[in-house]
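Here's the structure, in structure tokens; my notes come after.
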Amino acid sequence: MSGEGAAFGPLLRELRLAASQTIEGLAEASGVSVRGIGDLERGRRAAPQRRTVAALADGLGLDEALRERLLAAARAGRAPGYSPVGVQAFPRGIDDFVGREPQLTRLAELAGRQDVAQPVVVAVSGPPGAGKTTLALHAARALADRFPDGQLVVDLCGTDDEPPGPAELVLRVLKALQVADRELAQAGPQGHPALYRRVLAERRCLLVLDDARDEAQVRPLLPAAGAAMVVVTSRRMLTGLDSVHRLPLGELSPAEAAAFLTALVGAERAAADPDAVADVAGRCGHLPLALRVAGNWLATRTGWTVRRLADRLAAEDRRLDALSAGDLRVAAAFDLSYRQLTPAAARLFRRLALLPGPDTGAAGAARLTGQALFDAEDTLEELVETGLLGAYGERYRLHDLLRLYARTRLAAEESAPDAVRAREALYDWLLGTTVVAGRWFEPDHGAPPADFDGAVDLSSAERARAWLQAEGANWLAALRAAAAGGAHLTVVEVAEALHWFSDQWIFWGHWPEVFGTAARSARELGDPVLEATHLNYHAWALLTCEGRPHDSLERSVEALGAARRAGDVPQEAWAHVYQGLAFRRLEDHAPAAGHMHRAVTLFEAAGDLHGSLQARHGRALILMGSGRPEEALVVYEETLAFLERVQDRLAPHIAEFGRGGMHSGMGSSLALLERWTEAVEHHRAAMAIWRGNGNTAMESRQLVHLGHALSSAGRRDEAREAFARCVSLGPDADPQRVTAARDALARLGTP
């Protein structure tokens, strides 16, 4: 056996021959490639890292003494302190990693799926500060044992003004992989790409390409064959890359963000005020970079409470300035991406700060900039590609901190009058489109006029409803602005258009404000008919949406007075309807019945079929509520027959809404009579109507009725299904019915 100071290559060959192994046999036993072992033995490759040496020693079955000799030779063969610029194994800053379990699991799965013919390439993308590099480094460390030929991190400096080109990066990687200088010289610059591909094809390496600028910078660095794994991080989505696994990265969950902050500031300090920790995390938008800045700030200011920082971050206009610790600034990270935008994209990014709601569609974005719709879509997609904008279906959303940053750029780069004009253009479009969309549900309107050009598809009631719900926060803000600016006719027109639509989205949460604002605008206009109309709408919202019968009764009394002053019979009738329903809710049945009887008489006198249908239904509800289900059932049957007679003169969706109410009420009346089979049939008929027209609020109510009827009929499994469906409906459901469904499920227990 050779002396103690033998070079690594000759020693490895000597040990292999002594073990009677071929290069192929050692490759199979160790996991190191045949070409890699051959290069080591011939000295074409410098001595490997410790993990590779350990794998070779295991493959050779060396005892402790020989294993140590081989490790010593490897250490001697490596140049001390060798660390090429831009390439490092594991930079600092990943020890306090938190969360990202799905992404780590996915990376581990991909690492385990390697095959020698096709490298695994993963593109990790996300907004500035999302922790893309930290995730990649943490994964590289966790997966290191799977890549015995090395794990390398290459900083592509993609956000620099002049990032390194592919040729320079290829050379960096080759040197980091310790390819001999003479082989680099023999290949020459023209041959480096081929040498790069061959070296990576022969080795089981993990290569992290961090902070890629674009596809052109990355594409030459991707191996075409072999068992390597490449993880590319970029603020851009790198859509142009083929055959890659994509791993988008956003903010942390609230729990993960709180855990991250706790790790930075200490468990004892965080436990003293967990609500403040949650507030800091929320004001950082759960973005890892912002959380790190906030955590570092607190870690270096031990006299500060977490609440003090939370309060400091509460002021939106100062938040970005507050999120800086030493040379680490959240705004600086955003600057790097912003300055790479085209002028059109930068302008749209700034103006997205004018959005009052959390997101927008392409048509709204077009109104902010004056672009044509398709041009606005292209610009939005550029912002998505660069990681500055999130896309969720057909909606686009700025992260909270990016919105604040966009606001600073808007103030710095555009005049206040220009910003005002952009906002006004958006608000005018929002309110105009809201009127057209809402009128789909009004009896005397329906589809948009032939000349409507609102840049959104409102060709059906379903599409109109989807737009109204998606843009709710935006058009509500526009309505508030119109009211504040004294545009009372506009406010009243918008609210009027939304009257019947509100039945489709009962528990949105803002109808009392919408109709209360409209009632005040109507009063300002001095028109008693309009005042009575919108006071009635407000009475409905207070009673149905918020369950406030006393306040509702107050509004409907005011509405009745205004209607009588105006001599408007239909609005007088509606005021009686809402008074009757309020008294019913208060279980004061005599005045409830009196008001509803008066409403039926007035509607019939006015020839108002839509109102007459509602008032007849109200009579049945009051009878049922007063413990007279047989009489209620008769009135329901009479009202359903009335509906069948006049339905060709009713708006189809209003007729369908009435039919659903009839079946629901008949089911409830039959349930009071303990006629369970018939009750279930009517509740199912109503259920089909509400589900068919997408009315989640009414569906949630119906499911509770259905569940109770099924349970009383002894059909417990079906009852569980109904209650479980109610619980799953989401925020548009009646919250009281969701609570009732949960309670019912608990009582039923598990099957």
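The values are calculated or read from the model by the stated rules, or taken from the named source; none is laboratory data. Remember, predicted model here, so these are calculated numbers, not experimental data. Positions of Cβ are backbone-derived with ideal geometry, glycine not excepted, and every protein chain shown enters the neighbour counts.
Restricting to helices (runs of 4 or more DSSP H) lying wholly in the stretch 517-629: which have 1 or more residues that are assigned by TED's automatic domain parsing to the domain that holds F441 and β-branched (V, I, T)? Those helices (runs of 4 or more DSSP H) span 528-540, 549-566, 569-585, 589-606.
Among all residues of the stretch 698-712, there is at least one that is surrounded by fewer than 17 Cβ atoms within 10 Å (Cβ to Cβ) and within 21 Å of P629 (Cβ to Cβ). Within the stretch 39-77, restricting attention to residues that are within 22 Å of V208 (Cα to Cα) and surrounded by fewer than 19 Cβ atoms within 10 Å (Cβ to Cβ), which residue is modelled with the lowest pLDDT? Restricting to residues being within 22 Å of V208 (Cα to Cα) and surrounded by fewer than 19 Cβ atoms within 10 Å (Cβ to Cβ), the top hit is Q49. Beta carbons closer than 6 Å, at least 6 apart along the sequence or on distinct chains, pair a first residue in the stretch 687-705 that is of a type outside the set (A, V, I, L, M, F, W, C) with a second that is surrounded by fewer than 21 Cβ atoms within 10 Å (Cβ to Cβ) and modelled with pLDDT under 90 for T696/D732. Restricting the stretch 407-451 to residues that are of a type in the set (F, W, Y) and either touching a Phe, Trp or Tyr at 6+ places or on another chain (Cβ under 6 Å) or touching a residue at least 60 places away in the same chain (Cβ under 8 Å) (or both), the residue that is nearest to P343 (Cα to Cα) is W429.
Residue pairs whose Cβ atoms lie under 7 Å apart, sitting 6 or more positions apart in sequence or on different chains, and linking a residue in the stretch 503-532 that is in contact (Cβ under 8 Å) with a residue 40 or more places away in the chain to a partner that is part of a helix (DSSP H, G or I) and β-branched (V, I, T), are I506/T544.
If you filter the stretch 429-476 down to residues that are over 27 Å from the mean Cα position of the chain (by Cα) and either aromatic (F, W, Y) or not in a loop (DSSP other than H, G, I, E, B) (or both), you find that the one that is surrounded by the most Cβ atoms within 10 Å (Cβ to Cβ) is W440.
Quick grid of which residues meet (1) over 13 Å from L402 (Cα atoms); (2) without any contact (Cβ under 8 Å) to a residue 12 or more places away in the chain; (3) among the hydrophobic types (A, V, I, L, M, F, W, C):
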position	(1), (2), (3)
N296	yes, no, no
W304	yes, yes, yes
R308	yes, yes, no
A315	yes, yes, yes
R351	no, no, no
A363	yes, no, yes
L368	yes, no, yes
Q371	yes, no, no
F374	yes, yes, yes
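Could you tell me whether any residue of the stretch 112-119 is crowded, with 17+ Cβ neighbours inside 10 Å, under 34 Å from the mean Cα position of the chain (by Cα), within 30 Å of Y405 (Cα to Cα) and assigned by TED's automatic domain parsing to the domain that holds L222? Checked against the condition, which is being crowded, with 17+ Cβ neighbours inside 10 Å, under 34 Å from the mean Cα position of the chain (by Cα), within 30 Å of Y405 (Cα to Cα) and assigned by TED's automatic domain parsing to the domain that holds L222, the stretch 112-119 yields no hits at all. Identify all residues within the stretch 554-582 that are buried (at least 23 other Cβ atoms within 10 Å of the Cβ) and of a type in the set (A, V, I, L, M, F, W, C); write none if there are none. Hits for the stretch 554-582 are A559, L560, A562, A563, A573, W574, A575, V577, L581, A582. There is at least one residue in the stretch 8-28 that is of a type in the set (S, T, Y), loosely packed, with under 14 Cβ neighbours inside 10 Å, modelled with pLDDT under 85 and not in a helix (DSSP H, G or I). Within the stretch 350-363, the set of residues being crowded, with 23+ Cβ neighbours inside 10 Å and under 19 Å from the mean Cα position of the chain (by Cα) comprises L352, T360.
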